[in-house]
Number of protein chains: 6
Amino acid sequence: MSQRVKIGKLAVLLTTLEEEELAPFEKQLEDVDFCLGRAGSMNMQKVISAVETAAKRQQIISEIVYRETHSLYHAILEALEGVTRGQIAIGDMMRTVGLKFAVVRGKPYDRDGEGEWIAVAFYGTIGAPVKGLEHETMGLGINHI
Amino acid sequence: MSQRVKIGKLAVLLTTLEEEELAPFEKQLEDVDFCLGRAGSMNMQKVISAVETAAKRQQIISEIVYRETHSLYHAILEALEGVTRGQIAIGDMMRTVGLKFAVVRGKPYDRDGEGEWIAVAFYGTIGAPVKGLEHETMGLGINHI
Amino acid sequence: MSQRVKIGKLAVLLTTLEEEELAPFEKQLEDVDFCLGRAGSMNMQKVISAVETAAKRQQIISEIVYRETHSLYHAILEALEGVTRGQIAIGDMMRTVGLKFAVVRGKPYDRDGEGEWIAVAFYGTIGAPVKGLEHETMGLGINHI
Amino acid sequence: MSQRVKIGKLAVLLTTLEEEELAPFEKQLEDVDFCLGRAGSMNMQKVISAVETAAKRQQIISEIVYRETHSLYHAILEALEGVTRGQIAIGDMMRTVGLKFAVVRGKPYDRDGEGEWIAVAFYGTIGAPVKGLEHETMGLGINHI
Amino acid sequence: MSQRVKIGKLAVLLTTLEEEELAPFEKQLEDVDFCLGRAGSMNMQKVISAVETAAKRQQIISEIVYRETHSLYHAILEALEGVTRGQIAIGDMMRTVGLKFAVVRGKPYDRDGEGEWIAVAFYGTIGAPVKGLEHETMGLGINHI
Amino acid sequence: MSQRVKIGKLAVLLTTLEEEELAPFEKQLEDVDFCLGRAGSMNMQKVISAVETAAKRQQIISEIVYRETHSLYHAILEALEGVTRGQIAIGDMMRTVGLKFAVVRGKPYDRDGEGEWIAVAFYGTIGAPVKGLEHETMGLGINHI
């Protein structure tokens, strides 16, 4: 892949790696804007809301331009499809998620007309609402912004 | 997460990181069995088949025990839900994928009764069947074996 | 299309056109029974309920014959698939809809054995629960009754 | 099908047949562990919870081994796909279900390496939350345990 | 359930029971029209086609009335959702099905206005295209006709 | 809805109305770029391809900027969800579609930062591959570009 900046890969690493493991990637992270957060819930609405709030508060997207909200929202939904594996309503199905999330904004393509894109990644656990009865899960969504 | 071995995280790193970037994780990889491969196609059947063939040939799962095939198959499907974001038939929708995949088998839990689990990760690109008209995608599926 | 009465097209026009724009179609509307209404909610249950209530109160379908309720219900669900584009649970996903709906009942086919059919159309907006952060959406469902 | 014990068929018969109709199958039922129950709700969470509770209380699965909970959970979800026909969120869509359920655990295969599998069946009605405005529905899910 | 004739239950029994096991239900079967068949394929189109052809040839539905074809088609799709558990495209996903099917037409309700309904049931196996690497599966779809 | 230009409504009217019925909307159409076409097929790939080709050939989107292709592709997929009502693979399910399509590009919002958006609409028939065994269907997808 000849992409200049891999915003998806960076979002994935930001959620899966421990802080010390991230050190080798710090230089690549200088080329993008990003924010990090956590969301733990049985309710997908709260997860979506946590990401939207973090991305706006940390100015990864503009709060007043709808097309940026629209782009982020669809990237979140796509990432949640990975987390819930096709059953986005699964959070309402007696399962709970404990997720770390990252939103990364950058210019992945050399051609200037391609402009900015956004990546949303989740990594954490999904399972019964009982400590230990859970397994890993992750998801990645990407959209033009 | 108190899991002893994070088979999902390792599968994700095996597909997203370059060989030299993987060096810090080599010790963790000693605790699991894994195989790697590539699949590029407009057709999800060929992707599924490539993973099943690699996992059997490299003896990550047994070829003659159906429950292992069944477990791997569902882990692949779940990972593809992430890749296609809820549209597993998308490969048939004028898009093409170029994916690196990893199958990781190990014991993620301390309790011995939990036994072995399997993780399947994909990372690569999805897009129009034209070089450059594509973006990153990934998926992770996990199952007990 | 050789259909005598296009109940789907009429349902679509009833929801998308302003009253004065509908004038040229008044003659076609004489061949069908129809009702109109509005539903605005973050909750798909309320939308379904609003359509069922309107269709029964205005006697487009019979309240006591289950097969008519069954037929209408599936036409509503199909129309909502268009509104939510495959994610019927999306109303529960931090989005809100403001919809105009129409239920049209008529005989679209020349062959008499085909009897009556029902069309449900929605048109309006879907978006963040903030004025202006929304775009147009629509859906059409058709069933035999 | 050369399976020694058809756990799926037995689960289906346990939910569809009246007690006196089940008599001819009593001998086959000696080869498996099973439990029965009922769940009536507009809410899929309650249905899932009813099956999990029954299966644990009657010791069809172990309460403390996550892989058994994981296996049962996915078998329940698969059976609910049949009940809701691809719209697992349908219970939240102004419909109510009245279901009999069965969980059957046994060894369907001759090869010993295949070990134990679990089947979950539902049979009952789905419809408007009004007596009589409903039709039959069923679902079957099967998983290795 | 106060239904006079349980067309869904009869369709399920016709596909799951052996001929000798069906004897106790012969009297109930006199109240309905039904046909039976088999379909084995990796391709869902062939399964749909086999059921449509059988139901028309054995005059369970009329070949020339579209509303009957429409009703049967949706009942088949709903039953296949149970077979494939939400992934109707799964037949194209390196899996093969070997299914027995039944189409049952009758009057399940006491109220005469409810008229005739149709039930489609499938029972058989789904799995890898290798003998023995498969498990049971079933599905039931019901529609007014 | 306070949108300046309703690109979704215009796309819907372009596909549902006859040429003479479109006359009253000609002035509104001056504010947008659009193209029209037809696609008839049992195969969704061909439908997607027909829309992409028309939109590029008539310069509604740029052939060499990936973000425009990406935006159009997702708008097409969303519109097809409406056409197939949640079963995008349905075209492969023994059904055939005969569709008129419109792609409309414009600036729906007053705020200048919102820029251009794209709407894709389909209207036509879906049914058995036999003349007359079909009913109306439509879909609308909207995306920022």
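The values are calculated or read from the model by the stated rules, or taken from the named source; none is laboratory data. Being a predicted model, the structure only gives us computed values, none of them experimental. Cβ coordinates were reconstructed from backbone atoms using ideal geometry, including for glycine residues, and neighbour counts include every protein chain displayed. Accessible surface is based on the protein model in full, side chains and every heavy atom, while ligands, DNA and RNA are left aside. Shrake-Rupley method; radii C 1.70, N 1.55, O 1.52, S 1.80 Å.
Some values worked out for this structure:
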item	result
Three-way shape label, the protein assembly as shown, alpha-carbon gyration tensor, a/c 1.5	oblate
Computed over chain F: relative contact order in percent, which uses C-alpha pairs under 8 Å that are six or more apart	32 percent
Helix C:7-16 axis, angle to chain C major axis (alpha carbon atoms, nearest 10°)	40 degrees
Residues of region E:115-145 buried by at least 40 Å² on assembly (accessible area, 1.4 Å probe, chain alone as reference)	E:117, E:123, E:133, E:134, E:135, E:136, E:138, E:140, E:142, E:144
Shielding by partners, peptide A:62-73 (average Cβ within 10 angstrom, other chains)	6
Rounded tilt (10° steps) of C:66-84 against the dominant C-alpha axis of chain C	50 degrees
Inter-copy separations for residue E:57, label at 7 Å along Cα-Cβ, nm, ascending	4.2, 4.3, 5.0, 5.2, 6.6
Apportionment of accessible area to carbon and sulfur, the protein assembly as shown, percent (1.4 Å)	46 percent
Label spacing, shortest first and in nm, from residue E:27 to its equivalents in the remaining copies (7 angstrom along Cα→Cβ)	2.5, 6.2, 7.6, 7.6, 8.5
Residue of chain B whose Cβ sits closest to the axis mapping B onto A, with distance in whole Å	B:82, 2
Accessible area of chain B divided out per residue, in Å², using a probe of 1.4 angstrom	35 Å²
Partners for residue B:131 among lysines (Cα-Cα distance below 26 Å; same-chain residues under 8 apart left out)	A:6, A:9, A:107, B:46, B:100, F:46, F:56
Net +/- balance of residues flanking residue C:20 in space, Cβ distance below 15 Å, scoring K and R +1, D and E -1	-3
Value of [θ]222 nm, deg cm²/dmol, for chain A, DSSP H segments ≥ 4, -39500 (n - 2.57) each, nearest 500	-10500 deg cm²/dmol
Listed peptides C:9-20, D:126-137, D:22-33 by packing density, highest first (mean Cβ within 10 Å)	C:9-20, D:126-137, D:22-33
Label geometry 7 Å along the beta-carbon vector: residue E:115 inter-copy distances in nm	0.1, 5.3, 5.3, 5.3, 5.3
Buried area at the E-B interface (accessible, heavy atoms, 1.4 Å probe, summed, Å²)	1200 Å²
3J(HN,Hα) from dihedral phi, region C:54-63, Karplus parametrisation 6.51/-1.76/1.60, rounded to Hz, x for glycine, proline	4, 5, 6, 5, 8, 6, 6, 10, 7, 6
Neighbourhood charge, 12 Å Cβ-Cβ cut-off, centred on residue F:58 and excluding it, Lys, Arg +1 and Asp, Glu -1	0
From the C-alpha gyration tensor of region C:94-145, square roots of 5λ in Å	34, 7, 7
Dimensionless Rg ratio for chain C, taking C-alpha atoms and the 2.2 N^0.38 Å reference	1.03
Average beta-carbon neighbours from other chains, 10 Å sphere, peptide C:74-80	4
